[in-house]
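What follows is one structure encoded as structure tokens, with my remarks underneath.
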Amino acid sequence: MQKEHRSIFKVPIRVQPYLGYRNSDRLLISARALRSGKSGFNKKGRLQAIRTMLAQFASREVPDIKVTLELSGQDGGIECHTATTDREGYVHFDIALQPERELPSNPMWEIVALRWIDGREPQCVEGYILAPGTQTRLAVISDIDDTVIQTGITGGFRAIMRNWQNVVATLPDDRLAIPGADAFYGALGGGRVLPAGNAESTGKQMPATHRPFFYISSSPWNLFSYLVAFMNEKRLPLGPLLLRDWGFNRKTFGAGAHHRHKTASIAAILALYSDMRFVLIGDDTQDDLPAYADAARQFPGRIAAIFIRTASGEALSPAEISAQSSLEASNIPLWLGSSYAVGKQFLSALGFTPGGETEQIVKTVEKVESIEQHFAQ
């Protein structure tokens, strides 16, 4: 037993940064300290796929690790903020930017560095902060589960057991995106660019999609690297992912937990970007329509349009019918349909052409390394 204990602690501590975001006076980014190797998703057969995916869930989180966030200061120097990982290995930075920092004209990924000590060895990994542009007055908030990918895990442990092959035996490049999602999301994004850089490039910027994207999902944080790799493979716009910390209790499983997570996350994003309007995208499998109608009531005038993919084939529930009536009364464009190809026609009819609200379209970076190198370290 003692020998096994020692071998566990020979595994290096790595810090997995998640995608952050900011406005002019506030910056948010989270990360997690784990004892595990890098999460790669190369094709090596089904058995290797199962091992890779199980490793994402069999994480050994590391509490009480001091992590220092370094970002460029207004004077060109480096500004440092230090926080300690909690019992689940998470560390959260919610930083008041003083003095305020202007946003770029067009959306950018700003590169920061996270540093920690593993044993006596200093370690560093880069993180990415989405800074929406001042010329971009429209952003997108999208569901992930059954909206761009069939995860098979919404609803908790029983759903995982029913869909175990999708969850643990299929790598990102083998997973099927919802048909037409790439073209639909690409039209909304107005041009897609991946961030690139290295661990010593704090303060550098890379262009993001013309319209900022935020993703909300009931998937656990263990699937962060997997979902980023999937989005890269399917050429979907990249943006911060707001996932959930799963625990085996009623607070974290089930439809109620999903609804609370979604409504709270949407409200937080809309409050942070009070001068922007949002397009909301979801599906009819998790009560997205009522959640989006709640957001429209809480933030009047802030929702530009709502797209709901009808994936279940079932009639609208009473709650969904009530939400639909509420949105119609507020004159908020609502699309309900099963085909993103038809949804794209609806998108064009509303005037959502690529880069439509300005003449400038962010050009794609010609030479970008694999997204896994940057986010799955």
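Can you tell me the mean projection area, over all orientations, of the convex hull of region 75-151's alpha carbons? Units nm², please. Provide the component values of the computation, followed by the final result.
Numbers: hull surface 34.2 nm².
Over all viewing directions, region 75-151 projects a mean Cα-hull area of 8.6 nm².
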(request) Search the structure for amide H atoms under 5 Å from the amide H of L103, placed 1.01 Å from N in the peptide plane, and list their residues when 5 or more places away or on another chain. (result) none
(message) Based on Cα coordinates alone, diagonalise the gyration tensor for region 203-248, multiply each eigenvalue by 5, take square roots, and list the semi-axes in whole Å, largest first.
(response) 23, 12, 10
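Could you please report the charge total around D86, scoring K, R as +1 and D, E as -1 over all other residues with beta-carbon less than 11 angstrom from its beta-carbon? Working shown, then result.
Numbers: positive: R32, R87; negative: E61, D64, E88, D245.
For residues surrounding D86, the net value is -2.
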(message) As a test of understanding, state the convex hull volume per residue of region 286-353 from its alpha carbons, in Å³.
(response) 84 Å³
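Readers should treat all values here as calculations from the given coordinates under stated rules, not as data from a laboratory. Values in this document were obtained by computation on a predicted structure and should not be read as measured data. Quick reminder, even Gly has a Cβ in these numbers, built from the backbone with ideal geometry, and neighbours come from all protein chains shown.
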